[in-house]
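Here is the structure we will look at.
We did not get these values from a lab; they are worked out from the coordinates using the rules stated. Because the structure is predicted, anything quoted here is derived from the model rather than measured. Methodologically, a virtual Cβ is constructed for each residue, glycine included, from the backbone with ideal geometry; neighbour enumeration extends over all protein chains shown.
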Amino acid sequence: MEFRPLKENEIECRVAQVWDNGTQPTKMSLLLYKNARTDSSILDEFVGAENWQDRFYECKGNLYCSVGIKCNDEWVWKDDCGTESFTEKEKGEASDAFKRACFKWGIGKELYTAPFIYINADVRTDKNGKIKNWKKNSKGNWNTNDRFRVKYINTVDGKIEQLVIFNETTKEDCFKWGM
């Protein structure tokens with residue numbers, strides 16, 4: 001079974017790591033990922049809502065998801081384990097297990113061919129010089145309110161060949177690769 005590559009609007013971006021100079025962020029890396037709704041939609045689109053199903057079970061204290069697809073009147077299953085998220089840990093664990101099982105079917109496999117996305121941290125200050133788009137959390141890590149999205153992606157033979165990341169906040173392309 002072959003699934004199509006993900007579209008730009010099906011890929012999400014999040015800040016993975018931030019480097020600073022001691023007083024403010026200087027660089028950051030971004031990760032690309034898909035969410036469980038995207039997986040469900042692609043399964044519905046390619047095999048039909050009636051031809052796939054998921055089941056969850058626990059094994060040695062870990063939550064697993066099994067995704068079954070009807071192939072020639074037989075169900076074929078692929079499973080994987082999830083990990084808890086920082087917020088809504090049980091929901092996050094179930095969602096992660098589902099996404100990982102869908103990856104085993106090939107959905108979103110091109111995300112693992114993404115280049116390292118390393119960009120400058122755009123630090124904006126108010127009239128008093130206070131940083132307004134970055135804050136440190138309770139653990140001392142930098143968080144930004146800037147939002148990023150995939151503006152363009154070109155995939156060839158399951159590998160990302162071209163990629164553009166757009167900063168929704170500044171309305172600028174912040175990363176171009178393979179262009």
> In degrees, nearest 10, range 0 to 90: what is the angle between the Cα axis of helix 36-47 and the longest Cα principal axis of the chain?
Replying inline: 40
> What ranking of LEU163, LEU31 emerges when the number of other C-beta atoms within 10 Å of each C-beta is taken as an exposure proxy, fewest first?
Replying inline: LEU31, LEU163
> Hey, rough spin-label estimate for LYS60 and PHE116, points 7 angstrom out along Cα→Cβ, what's it come to in nanometres?
Replying inline: 3.2
>> Give me Rg/Rg_expected for the stretch 37-107, where Rg uses Cα atoms only and Rg_expected = 2.2 N^0.38 Å with N residues.
In response: 1.10
>> Modelling each spin label as a point 7 Å along the Cα-to-Cβ direction, I'd like the ASP173/THR125 distance in nm, to one decimal.
In response: 3.0
>> Using the Cα atoms of the chain, I'd like the radius of gyration and the largest Cα-Cα distance, Dmax, both in angstrom.
In response: 19.1, 68
>> Can you tell me the orientation of helix 89-104 relative to the chain, as the angle in degrees between its alpha-carbon axis and the longest Cα principal axis, to the nearest 10?
In response: 60
> Per the helix-only calculation at 222 nm, which mean residue ellipticity applies to the chain, given -39500 (n - 2.57) for every DSSP H run of n ≥ 4 and division by its residues, nearest 500 deg cm²/dmol?
Replying inline: -5000 deg cm²/dmol
>> Using only the Cα atoms of the stretch 90-179, what are the Rg and Dmax in Å?
In response: 17.0, 53
